[in-house]
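Novice: Structure provided below as structure tokens; questions to follow.
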Amino acid sequence: MANILIINGHQKTGSASGRLNKTLVAEMKKVLKDELNHKVKTTTIQKGYDVAEEQQKFMWADTIIFQFPIYWFGAPALMKQYMQDVYGYGVFYQASTDGYGHGGMLDGKTYMLSSTWNAPADAFGNGFWQDVQTPDTALVAMHKTQSFIGLKPLPSFSCHNVMKNPQMDEYLTALHKHLKTIFG
């Protein structure tokens, strides 16, 4: 049994209410807690947070799952602000004699990115995305941020074409399978 923290990083905008992210987080909780018997805590950044409490959640967690939409090819500003606030020096990272990027203090913990994209899955490696082969390649800054604090990656999950051609049943089925493969 693992301790898993799920962070809903949705940021409400005029065209994005957050329903898909909320649904995906609910599915994660159902699969991880009810079906696989893991302990689960959640944070919905949009509702506000206490920095010390969030830092304690990270210390408690074996794995952190970040669920967020892609806004302008990256995580929402609110999620970046959360990391700025919560990822404290001396708590999550420190100076290292091994060089830049080697002072992470959360060794032994893992993370998973789960993102929602308006880009279709087959767009990566083609046309506009010709130099970007996968969603993970596009999210290199998010991955490097987690590496900087010592977290190790688990396979990412992504939903595509979420505005133009949403396929909720397919997203939930794929997420269920993904979670069972990684955490089952």
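Novice: List every residue pair whose Cβ atoms lie under 6 Å apart, where the two residues are 6 or more positions apart in sequence or sit on different chains, the first residue falls within segment 83-104 and is closer than 21 Å to Gln55 by Cβ, and the second residue, located anywhere, is open to solvent by 90 Å² or more (accessible area, probe 1.4 Å) and not in a helix (DSSP H, G or I).
Specialist: From segment 83-104, the pairs are Ser96/His102; Gly103/Gln94.
Novice: Further question: Against the condition open to solvent by 20 Å² or more (accessible area, probe 1.4 Å), under 23 Å from Thr134 (Cβ atoms) and among the hydroxyl-bearing types (Ser, Thr, Tyr), how does Tyr93 come out, does it pass?
Specialist: No; evaluated as a whole, the condition is false for this residue.
Novice: Further question: Give the residue, chosen from Asp169, Asp136, that is over 16 Å from Ala75 (Cβ atoms) and of a type in the set (Asp, Glu). Step through it out loud before you land on a result.
Specialist: Numbers: Asp136 fails: over 16 Å from Ala75 (Cβ atoms).
Matching residue, one of Asp169, Asp136: Asp169.
Novice: Same structure, new question: When segment 138-175 is examined, which residues are found to be under 20 Å from Lys80 (Cβ atoms), β-branched (Val, Ile, Thr) and either in a loop (DSSP other than H, G, I, E, B) or free of Cβ contacts under 8 Å to residues at least 12 places away in the same chain (or both)?
Specialist: Val140, Ile149
Novice: I'd like to check something: does segment 109-129 contain any residue that is assigned to a helix (DSSP H, G or I), touching a Phe, Trp or Tyr at 6+ places or on another chain (Cβ under 7 Å), open to solvent by less than 30 Å² (accessible area, probe 1.4 Å) and closer than 18 Å to His10 by Cα?
Specialist: The answer is no; no qualifying residue exists.
Novice: Cβ-Cβ under 6 Å, sequence separation 6+ or interchain: first residue in segment 1-29 and more than 17 Å from Val162 (Cβ to Cβ), partner part of a strand (DSSP E or B) and open to solvent by 60 Å² or more (accessible area, probe 1.4 Å). Which pairs?
Specialist: Taking only residues 6 or more apart or on different chains, the pairs are Asn3/Lys39; Leu5/Lys41.
The values are calculated or read from the model by the stated rules, or taken from the named source; none is laboratory data. The shown structure was predicted, so the numbers you read here are calculated from the model rather than taken from an experiment. All Cβ positions, glycine included, derive from the backbone under ideal geometry; neighbour counts span all protein chains shown. Ligands, DNA and RNA are stripped out before the accessible areas are found, and what is left, the full protein with its side chains, is counted by its heavy atoms. Shrake-Rupley method; radii C 1.70, N 1.55, O 1.52, S 1.80 Å.
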